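These notes concern the structure reproduced below.
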Amino acid sequence: SSSPLTIPGGTRQSPINIQWRDSVYDPFLKPLKISYDPTTCLHIWNNGYSFLVEFDDSTDKSIIVGGPLENQYRLKQFHFHWGAINDWGSEHTVDSKFYPAELHLVHWNAVDYPSFEDAVMEGNGLAVIGVFLKLGARHEGLQTLVDALPAVRHKDTVIEFDEFDPSCLIPSCPDYWTYAGSLTTPPLTESVTWIIKKKPIEVDEDQLEAFRTLLFTSDGEEERRMVDNFRPLQPLMNRTVRSSFQ
Ligand SMILES: NS(=O)(=O)c1ncc[nH]1
Ligand SMILES: [Zn+2]
């Protein structure tokens, strides 16, 4: 169609609404094993869509394995999506409920493919962990990230950021949903095994407001606040969402 946000012929687009009662418990799903090395953390970059925390993915130091995955996947970056107000902001919804924000940890299949750019084009190339953020207590681990945001206020700014372990942003509850989907920003390729954690993490109002002080625009351009950087819900089509829990 004419809208740039739909892929012509797409059959496994993301995000989707997760209808809890329609998800199917799969007893063969394994626990997801997460092992990140904080020394692989490189920098924070405002890319004009979100702010990305990028990792050195030249080794297998920061990986996930298990869950629905056939083999291990390397951490490349994590980023967030959020709203202008707390009533919306997440990309996925649960029983049509939006959360104020959603964290995506993006990993690629370095066993089968030589680079992230190659893996992006393959059906089993990527694995993204989605974590919902809800309004509540201040999140101490997130605060180190929030404190650095003023330095990446404008599009195409980067700041060095090291010794951060993003597993502090992932709930300890092992429960997740999983389904075959796509990237939610260009190139929107249908290469993602989504792993959506059932439990949200809590962040406070000031931390959400800090996200909203970022800009889509470069220094010198007319300022546009970076908010509502989430893609509209996509049709489920012929897909089943599996759950790791009953
Ligand atoms: N939002 S997402 O995690 O699907 C993504 N990562 C890289 C490009 N798009
Ligand atoms: Zn994302």
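Listing for the model above:
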{"quantity": "With every protein chain in place, segment 76-167: carbon and sulfur % of accessible area (1.4 Å)", "calculated": "51"}
{"quantity": "Exceeding the 21 Å Cα-Cα cut-off - candidates Lys61/Lys134; Lys134/Lys199; Lys155/Lys199; Lys134/Lys155; Lys76/Lys199; Lys61/Lys197", "calculated": "Lys61/Lys134; Lys155/Lys199; Lys134/Lys155; Lys76/Lys199; Lys61/Lys197"}
{"quantity": "Reachable aspartates and glutamates, given that their alpha-carbon falls under 17 Å from the alpha-carbon of Lys198 and they are not under 8 places away in the same chain", "calculated": "Asp22, Asp26, Glu91, Asp95, Glu102, Asp175"}
{"quantity": "Gain upon complete extension [Val158, Thr39; 0.36 nm per residue less C-alpha separation]", "calculated": "41.1 nm"}
{"quantity": "Heavy atoms of Asp26: accessible area, 1.4 Å probe, square angstrom to 10", "calculated": "30"}
{"quantity": "222 nm mean residue ellipticity, helices alone, for the chain (DSSP H n ≥ 4; -39,500 (n - 2.57); rounded to 500)", "calculated": "-1500 deg cm²/dmol"}
{"quantity": "Rounded accessible area of Thr39 (nearest 10 Å², 1.4 Å probe)", "calculated": "80"}
{"quantity": "Å² of accessible area per residue within segment 27-169, as computed with a 1.4 Å probe and no ligands counted", "calculated": "41"}
{"quantity": "Rounded to the nearest 10 Å², the accessible area of Met121 at probe 1.4 Å", "calculated": "130"}
{"quantity": "Net charge over other residues, Cβ less than 12 angstrom from the Cβ of Glu117 (K, R count +1; D, E count -1)", "calculated": "-2"}
{"quantity": "Whole-Hz couplings from phi, Karplus 6.51/-1.76/1.60, listed for segment 73-89; x for Gly and Pro", "calculated": "10, 8, 5, 10, 6, 10, 7, 10, 10, 8, x, 6, 9, 6, 6, 8, x"}
{"quantity": "12 Å reach of a label modelled at Ser96, 7 Å along Cα-to-Cβ, counting backbone N of segment 196-221", "calculated": "none"}
{"quantity": "Assigned charges on the beta-carbon of Lys, Arg, Asp, Glu; the chain dipole about Cα centre (debye)", "calculated": "980"}
{"quantity": "Overall Cα dimensions of the chain - principal axes, largest extent first, Å", "calculated": "49, 39, 38"}
{"quantity": "Fraction of alpha-carbon pairs over 18 Å apart in segment 1-125 - percent", "calculated": "66"}
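The values are calculated or read from the model by the stated rules, or taken from the named source; none is laboratory data. These numbers were taken from a predicted model, which means no experiment stands behind them. Note that we place each Cβ from the backbone using ideal geometry, even for glycine, and neighbour counts take in every protein chain shown. Side chains included, ligands, DNA and RNA excluded: accessible areas come from the protein's heavy atoms. Shrake-Rupley method; radii C 1.70, N 1.55, O 1.52, S 1.80 Å.
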